[in-house]
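Values quoted throughout were computed directly from the atomic coordinates according to the rules given, and no laboratory measurement underlies them. Since this is a predicted model, take the numbers as computed values, not measurements. Cβ coordinates were reconstructed from backbone atoms using ideal geometry, including for glycine residues, and neighbour counts include every protein chain displayed.
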Amino acid sequence: MGMLAWVMMGLALWHFTIFLPDRFWGGIVGAFLGALIGAIVFGLIVSIPLIVWGSQLVLKLLDRYPAVVTFGGALLGWIAGGLIVNDPAGDRWPVLDTPVAEYGMSIVCALFVVIVGYALKRRNAARIAGDSPNGTH
């Protein structure tokens, strides 16, 4: 039902931006300018609140569930491992065409990203604790 509403709104917007400029500004150039201005205004009206509210939602999610950052880093490492094995430069090595190589490299890269992330987190925590005033830790 929601998709139908978006389609109807898009059709109404399209007819509004084509019919009125063509009728009152005369010609296809006026219709094109009206459609262009209408698309820009509609895009700004929709995209700015979507970006603001979406970023607030992501920030609240990350504050409430910090493990999402770890899972996101592991996912990026997993994808990087798959890309490393499937790179066209590695086509001359048949051992890289096996599923073991692809999944193995994906697991290794995911673990690498998570371990480096935890190490950096511990180092920064130790650095902050060392900078505390009056020598208190």
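Figures for the structure shown
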| read-out | value |
| --- | --- |
| Reciprocal mean inverse distance between Cα atoms of region 65-132 - Kirkwood radius, Å | 13.5 Å |
| Most to least packed among 119-126, 101-108 [average Cβ atoms within 10 Å] | 101-108, 119-126 |
